[in-house]
Each structure stands twice: as structure tokens, then as C-alpha cells.
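Visitor: This is the structure I want to talk about, given as C-alpha cells.
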Ligand SMILES: NC(=O)c1ccc[n+]([C@@H]2O[C@H](COP(=O)([O-])OP(=O)(O)OC[C@H]3O[C@@H](n4cnc5c(N)ncnc54)[C@H](OP(=O)(O)O)[C@@H]3O)[C@@H](O)[C@H]2O)c1
């Protein structure tokens, strides 16, 4: 089995939720991890929780909606760890309202974060990923293939992200850079104001953040000649709500 020890990962939005779960799984494999947040305090608090004797976590303030923030965060990661092998574009949010209620501000925040933010993330890291022949993962959603009422902004951002990632995969695969999008269904996180800590039993049927961490580790360990480029992940028994 291949080892990930001493590799470096860069994860947008690692202060909580899925990004934090992926960071935790990678640290356990000996991968040094840089995580970002809109808040320096939140990034550093999470990094402190993540760091262990196996690997180090670095907390950085970087808003994915800002290209310069992303470029600076990648530079800081290279300065600290010397390289970037894995980039996980995870940061995201959702506003859910009917088209009559949806505001211009909610629309822009959703598209700027979930879609343009990922564009900025790969633009600022592609040179490093080419050097390391690394791996770029985006966290889309089942909302990136299934549409629903009140989902106009979120569906548009995630359908866009699914297509964007597949095109980037074709651009980069012959450069030795692997690209996948993970499309989860319901995951127990802080998404949309949820509080998973208060709902452990109630949300036991949902995908847990450590399950997605395990999936990412499996992808990174897979033989480079094979690429699961688009991965739908769902709770196996949603009826048990
Ligand atoms: N939960 C689900 O059921 C589910 C299902 C499918 C897909 N997803 C996707 O999974 C991804 C992670 O969501 P989650 O469920 O883990 O939600 P979460 O618990 O709310 O975490 C969201 C993360 O994104 C960060 N973030 C948000 N806006 C940002 C920005 N502009 N710049 C940098 N970081 C930003 C947050 O950091 P700060 O708040 O500290 O800035 C936080 O670390 C999202 O792309 C979401 O669409 C979630």
C-alpha cells in the first residue's frame, strides 16, 4: 500500500465541517496540511486541534472570493512545507430561497464562493500541482446533478462546479495532475447554520466528515493510472432519519 507520509495538502475552508474532516484524515496519514478560513482565529484554532505527532497543520486567513488571498495562502504553504501535492477546493455555502425571494447579494455570494472561489483556488495552485504531479479535488454536491425548489443559486453554483472540474480534469490529466470532484449528499456539518454537535443521534444517518476524509485518503492512494473523476456519495439509509 502506498504511503502519503510527508506530502502536503492545501484545503480551503478547513476550520470546520468537511474540510476539517479531510484535514484530520490526512494528518493521520502523515500529511502536513494548510487549512484556510475567512477568520485567522478560526483557522489557527482548527490547526491547533489538528496538529499531532504525525504531521503539522497550518491555519491561514484567506477568502476564496479573493484571488490575491489565494495566491498568498499558497505561497505561505510552500514557504512552510516546501511543496503542494494535494489541493482540496472545499470552501462553500448555501442560500436557499425561491427565485422570487432570492436576493442579488445571496446569488453573488453563492456563485463567488462556490464557483469563482474554486477557479481562484486552482489558478493559484496549478503551477505547484504540475511540479508535484499532484491531485486537485473539488467538493461539489449531489445538488450539482439533481435540482430542487429553492435551489436556484446553490444548484447553479454546483452544476457549474461539476462541469468546471471535469473540464479542468481534461486540461490537466496529461500533465500528471489528477482531478476529481466529490458530490456528497447530506453530510453532518455546520452547513447552512446547522449544529452537528447538538444533533449527533439525530444526524447519525447522514454521511459523517470522517467518511469523506477516508474517501480522499483512498483516492490519493489509488494507482495514478486510474482516475475516479466524478464521485457521487450518498447516505446508504436516508429512510432511517
Ligand atoms: N453538508 C452537506 O450536506 C454538504 C453536501 C454536499 C456538499 N457540501 C459542500 O461541502 C463544502 C463544505 O461544506 P460543509 O458542509 O463542511 O459546511 P461548513 O461546516 O459550514 O464549513 C464550510 C467551510 O467553508 C469555509 N468558508 C466559507 N466561505 C468561505 C470563504 N469565502 N473563504 C474561505 N473559506 C470559506 C468556512 O470557514 P469560515 O466560516 O471559518 O470562514 C468553513 O470552514 C461546501 O462546498 C458545501 O457546498 C456540503
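Visitor: Across the Cα atoms of the range 113-241, what radius of gyration and what greatest pairwise Cα-Cα distance (Dmax) are found, in Å?
Guide: In order Rg, Dmax, the Cα atoms of the range 113-241 give 15.8, 46 Å.
Visitor: Further question on the same structure: Diagonalise the Cα gyration tensor of the range 80-151 and give the resulting equivalent ellipsoid semi-axes, square root of 5 times each eigenvalue, largest first, whole Å. Let's see the in-between values first.
Guide: Numbers: eigenvalues 195, 32, 13 Å².
Equivalent-ellipsoid dimensions as semi-axes: 31, 13, 8 Å.
Visitor: Per 0.36 nm of contour for each residue apart, how much would the distance between residue 130 and residue 149 grow if the chain were fully extended, relative to their Cα-Cα spacing? Please list the in-between numbers first.
Guide: Details: separation 19, 0.36 × 19 = 6.84 nm, distance 4.00 nm.
Contour length minus the Cα-Cα distance gives 2.8 nm.
Visitor: Hey, another quick one. As a test of the formula, what do you get for the chain when each DSSP H run with n ≥ 4 contributes -39,500 (n - 2.57) and the sum is divided by the residue count, at 222 nm and rounded to the nearest 500 deg cm²/dmol?
Guide: Working: 7 runs with 96 residues, N = 241.
Dividing the helical sum by the residues of the chain leaves -13000 deg cm²/dmol.
Visitor: Among 6-12, 224-230, how do they line up from the highest to the lowest mean number of other beta-carbon atoms within 10 Å? Provide the component values of the computation, followed by the final result.
Guide: Details: 6-12: 25.7, 224-230: 11.3.
In descending order of packing, they fall as 6-12, 224-230.
Visitor: With a cut-off of 8 Å between alpha carbons and a minimum separation of six or more residues, what is the relative contact order of the range 8-240 in percent? Before the final figure, lay out the partial values.
Guide: On the way: 468 pairs, mean separation 46.6, N = 233.
Contact order relative to length: 20 percent.
Visitor: Right, another one. Roughly how many whole Å is it from the C-alpha centroid of the range 191-241 to that of the range 66-125?
Guide: Centre-to-centre distance over Cα atoms comes out at 21 Å.
Visitor: Let me ask something additional. Efficiency by 1/(1 + (r/R0)^6): what FRET value for residue 104 and residue 5, r their Cβ-Cβ distance, R0 = 51 Å, to the nearest 0.05? The partial results should precede the final answer.
Guide: On the way: r = 47 Å, r/R0 = 0.93.
Efficiency at R0 = 51 Å is approximately 0.60.
Visitor: Figure the gain on full extension for residue 80 and residue 190 (residue separation times 0.36 nm, minus the Cα-Cα span) and round it to one decimal in nm.
Guide: On the way: separation 110, 0.36 × 110 = 39.60 nm, distance 2.90 nm.
Contour length minus Cα-Cα distance gives 36.7 nm.
Visitor: Quick one: what does P(r) look like for the range 110-165 with 5 Å bins over all Cα pairs, in whole %?
Guide: With 5 Å bins starting at 0, P(r) equals 4, 20, 27, 19, 13, 9, 5, 2, 0.
Visitor: Further question: Compute the Kirkwood hydrodynamic radius of the range 23-93, taking the inverse of the mean of 1/r over all pairs of distinct Cα atoms, and give it in Å to one decimal. Present the calculation step by step, with values, prior to reporting the outcome.
Guide: Values: mean 1/r = 0.0816 Å⁻¹.
So the Kirkwood estimate lands at 12.3 Å.
Visitor: Give the angle, between 0 and 90 degrees and rounded to the nearest 10, that separates the Cα long axis of helix 209-221 from the longest principal axis of the Cα atoms of the chain.
Guide: Roughly 40 degrees, rounded to the nearest 10.
Visitor: A follow-up question, please. Just how many % of Cα pairs in the range 201-241 lie over 15 Å apart, if you round to the nearest whole percent? Before the final figure, lay out the partial values.
Guide: Details: 420 of 820 pairs.
Taking all Cα-Cα pairs of the range 201-241, the fraction more than 15 Å apart is 51 percent.
Visitor: What is the Cα convex hull volume of the chain when expressed per residue in Å³? Numbers along the way, then the final one.
Guide: Numbers: hull volume 30.4 nm³, N = 241.
Considering the Cα atoms of the chain, their hull volume per residue is 126 Å³.
Visitor: By how many degrees, 0 to 90 and rounded to 10, does the Cα axis of helix 17-28 deviate from the longest principal axis of the chain?
Guide: Helix 17-28 and the main axis of the chain meet at about 20 degrees.
Visitor: If you don't mind, another one. Per 0.36 nm of contour for each residue apart, how much would the distance between residue 72 and residue 225 grow if the chain were fully extended, relative to their Cα-Cα spacing? Can you show the working numbers first?
Guide: Numbers: separation 153, 0.36 × 153 = 55.08 nm, distance 3.21 nm.
Roughly 51.9 nm would be gained on extension.
Visitor: Taking the mean number of other Cβ atoms within 10 Å as a proxy for protection, how do you rank 73-82, 179-188 from highest to lowest?
Guide: Numbers: 73-82: 17.5, 179-188: 21.8.
Top to bottom by mean Cβ count within 10 Å: 179-188, 73-82.
Every read-out reported here was derived from the displayed coordinates using simple, explicitly stated rules and does not represent laboratory data. Please read these numbers as outputs of a predicted model, since none were measured by experiment. So basically every Cβ, Gly included, is an ideal-geometry build from the backbone, and we count neighbours across all protein chains shown.
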